[in-house]
C-alpha cells in the first residue's frame, strides 16, 4: 500500500522581518536586515549587543480570543499569531466537517523569555540564615511574579495553547532538538500523516532566547558574532569575515494534511512534502563532525525518502548560521551528496537577514522555500562580500535571483550533531 501523500495548505510566521508571510518575503527579496540592538534587556555591557528581535508585535491583532491566552509567554504569542495565519490560509476556519480527533499538533519549540529580574530578586530577598525561607519565597512570588508566565516559559506550553485555540483532539507532540527542532517536527508530523495517525497536523516551531541567560550561554560557547559596530551586517554566512551567528526569535507554523483530505474540502495546495531525513553526528555535544558526514547523512536520507536524485533539487536552503565550522561542514556535506552538481545548484541562507531563530528556524526557512517555488525566485545570502575559499558553492550573494524552482531541499543542523533535512515540491496535482 502506498503511503498517503502529504501536502501543505497553510503557513504563517512572526519573525524579526515581518509579522506575516508576505511582509517577510518582500523584506527578504529587498535584502533587508532584521538585526538590531537588543531591546528586551540592557545588553550594553555584553560582548554581543544585538539580535533578531520581533518588534511591535500586537498579539491582539492576530488572535481572536486573546482572553483565553492572557498568560501566554512570548514564544506562545508568536506561535498563536503564526498558527492563526496558517489556519486561515488553509481554509479550515470555514470547514465544518473537520474531525478534530484526526487533528494533531507536532511542534519543535523551545522555551520563552523568563522574568529574570523578579525571579532573582525574589530569591535574594527570601534568604534567611543561609537558607531560602520558603514561606517568604511564596509570599514574594505572589506579590512580584506573574506565576502563570513562569510556567508558560516551558516549551510544551505552545502545544497546549494551540490545542486550546483550535480544538485539537488528536496526537500532540513537542520536540526540542535545538536548531533542528522545527524541521524535525515537520518531518515527523509528515510521517504521522503518511501512516494514518492524523489527517491534519499543525506543525512548525517557536522560540525566544533573547534574554540574559540565553545570550550569555551562546557567548560562553563563543558562537555569537560580536560585530557591535556594524549590526545590520553582523550575520555573514559563508563569508570569510564571519565571526558567529546572530540569535533571533519568532515562530512559523504550517498546516499539513493528506492530499485526499485537502482535495475533499477544496483546499489550495501550496507544496508537497516528499522527503525527510535525519541523522546524528555522534561527535561532540556542541559540534558537528568536521568531515560533513552527519550533514550528508540527513540529505541522503531525505533524497532516498523522496525517491529523488541530486539532479532533481533546484534550490538548497542552507542551515548557514555564519559560524566558521557550520558553514564549512555544510559545504562539505553538500559536495559529498551532490558531487559535481554541488557547484550548479543554488544554495543560500536567509539567516543573513533574519538571524538564527533557533527552534523556529527550520519552519521559517521551509516557508521561504515554498515562496521560492511560488514566485520562481531564489532568495539571497546577504553580506557575502569576501567568500571563504572553503565555502566555494553558489550561495546567491547579495541579491535574489530568478530561477526555475520546482523542488527544494531545506537543511537544519542542531547542537550535538542533530541533522534534519526536508524536501518539498510544488503542487503536482
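Residue count for the range 265-282 satisfying the condition of being surrounded by 16 or more Cβ atoms within 10 Å (Cβ to Cβ) and in a loop (DSSP other than H, G, I, E, B): 5.
Filtered by the rule that a residue be in a helix (DSSP H, G or I) and more than 23 Å from the chain's Cα centre (by Cα), the range 67-91 gives 67, 68. Scanning the range 26-48 for residues that are within 22 Å of the chain's Cα centre (by Cα), closer than 30 Å to residue 221 by Cα, modelled with pLDDT of 90 or more and not in a helix (DSSP H, G or I) turns up 31, 32, 33, 34, 35, 36, 37, 38, 39, 48.
You will find that of 196, 170, the residue that is surrounded by fewer than 23 Cβ atoms within 10 Å (Cβ to Cβ), assigned by TED's automatic domain parsing to the domain that holds residue 301 and touching a helix residue (DSSP H, G or I) at 6+ places or on another chain (Cβ under 6 Å) is 170 and no other.
For the range 383-404, the count of residues that are part of a helix (DSSP H, G or I) and either over 15 Å from the mean Cα position of the chain (by Cα) or on the phi > 0 side of the Ramachandran plot (or both) is zero. Can you find a residue in the range 336-355 that is touching a strand residue (DSSP E or B) at 6+ places or on another chain (Cβ under 6 Å), within 28 Å of residue 174 (Cα to Cα) and in a helix (DSSP H, G or I)? Yes, the range 336-355 contains a residue that is touching a strand residue (DSSP E or B) at 6+ places or on another chain (Cβ under 6 Å), within 28 Å of residue 174 (Cα to Cα) and in a helix (DSSP H, G or I). Filter the range 126-165 for residues that are under 25 Å from the mean Cα position of the chain (by Cα) and over 30 Å from residue 200 (Cβ atoms); which is modelled with the lowest pLDDT? In this case the residue turns out to be 150. Selection of the range 397-416 for residues being surrounded by fewer than 24 Cβ atoms within 10 Å (Cβ to Cβ), in contact with a strand residue (DSSP E or B) (Cβ under 9 Å, 6 or more places away or on another chain) and closer than 30 Å to residue 221 by Cα yields 397, 398, 416. State yes or no: is residue 326 buried (at least 20 other Cβ atoms within 10 Å of the Cβ) and at pLDDT below 95? When the stated conditions are applied, residue 326 passes them.
The values are calculated or read from the model by the stated rules, or taken from the named source; none is laboratory data. Bear in mind that the values here come from a model prediction, so they are computed numbers and not experimental data. Cβ: placed from backbone, ideal geometry, glycine included. Neighbour counts: every protein chain shown.
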